[in-house]
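Peer 1: Just dropping this structure here.
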Amino acid sequence: MLSASDLPDTIPVFPLPGALLLPRARLPLHIFEPRYLAMIEDTLKTPSRLIGMIQPRDGQFDGGPKLQAIGCAGRLTAFSETEDGRYMITLSGLSRFRVLEEVDGFTPYRRCRVSWSGFERDMGPVEHDKGLDRDRFFPLLRSFFDFEELRTDWDSLRDAEDELLINSLSMLCSFEPEDKQALLEAPSLTTRRETLVTLIEFAMRGGGEEILQ
């Protein structure tokens, strides 16, 4: 089990629009680009086995799209290879990080020097949302799933702990990348749930003027 003192100063990063990883959640990924196949192989050789998931920002520079300031690192906890050389992996969310600078080097994938400061809670105990009113939240959620023509196991969803429920919905719902970033940067589980509700209501109104501050 990794502790805060084990976290490396430099990690490989995987810019993937709309892909959200949160602490204590799991993200399955299908890897097929040669540069990211190399990243997985190199990561498996490191003690921490960490990869930073991060959203690209609008704008280009010579090394690829600009990156958001904050991402989330996951530990590579499951790995399999297909017959045609692709990798199926699972990242288990560990902690968010702040990008300090991108590191030049000879790897085909990108790496960043990062700070873990300010995200100590991510490696602590499971969070709870004392303000979550499930009797109000679930009718809204059911309306949203009907609106998006989505299906789910409602019994399992209702039985889920606060953190698992809110974080799973944040990761799975198909919001815009900037909205996913807002969910990632939420300072607490309560704030993330409030942001999630805002995004659901906004989506069901069919968009319109930006309402997130």
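Laboratory data are not the source of any read-out in this text; all were calculated from the coordinates shown. In this text, all values refer to a predicted model and were calculated from it rather than measured experimentally. A quick note on method: Cβ atoms are made from the backbone with ideal geometry, for glycine too, and the neighbour counts reach across all protein chains shown.
Peer 1: Give the lysines whose C-alpha is closer than 30 Å to that of residue 66, dropping any in the same chain fewer than 8 places away, or say none.
Peer 2: Partners found: 45, 180.
Peer 1: Here's another thing I want to ask about it. Would you mind checking which residues have amide H under 5 Å from residue 14's amide H? H placed 1.01 Å from N; only 5 or more apart, or other chain.
Peer 2: Amide H neighbours of residue 14, under 5 Å, 5+ apart: 52, 53, 54.
Peer 1: Still on this structure: Along the positive direction of the dipole of region 134-204 (beta-carbon charges: Lys, Arg +1; Asp, Glu -1; about the Cα centre), which of 168, 152, 197 reaches farthest?
Peer 2: 197
Peer 1: Using unit Cβ charges (K, R positive; D, E negative) and no other charged atoms, how large, in debye to the nearest 20, is the dipole of region 4-123 about its Cα centre?
Peer 2: That gives region 4-123 a dipole magnitude of about 400 debye.
Peer 1: Restricting everything to alpha-carbon atoms, can you work out Rg to Rh for region 88-188 with a Kirkwood hydrodynamic radius?
Peer 2: My calculation puts Rg/Rh at 1.04.
Peer 1: List the aspartates and glutamates whose Cα sits under 17 Å from the Cα of residue 130, skipping any in the same chain fewer than 8 residues away.
Peer 2: Qualifying aspartates and glutamates at Cα under 17 Å: 159, 161, 162, 163, 194.
Peer 1: Related question: Determine, at each q value in 0.21, 0.26 (inverse angstroms), the log₁₀ of I(q)/I(0) that the Debye formula gives when each Cα of region 134-204 is one equal point scatterer.
Peer 2: The Debye formula, applied to the Cα set alone, gives -0.92, -1.44.
Peer 1: So for region 4-123, what percent of the C-alpha to C-alpha distances run longer than 24 Å?
Peer 2: That fraction is 20 percent.
Peer 1: Under the Karplus relation 6.51 cos²θ - 1.76 cosθ + 1.60, θ = phi - 60°, what is the ordered set of whole-Hz ³J(HN,Hα) values for region 140-148, x standing for Gly and Pro?
Peer 2: Result, rounded to whole Hz: 5, 5, 5, 4, 5, 5, 5, 4, 8.
Peer 1: Across the chain, how large is the tail of the calculated P(r) beyond 31 Å, expressed as a percent of all Cα pairs?
Peer 2: 23
Peer 1: With each pseudo-label sitting 7 Å past Cα toward Cβ, what's the residue 100-residue 9 distance in nm, one decimal?
Peer 2: Between residue 100 and residue 9, the simple spin-label model gives 0.6 nm.
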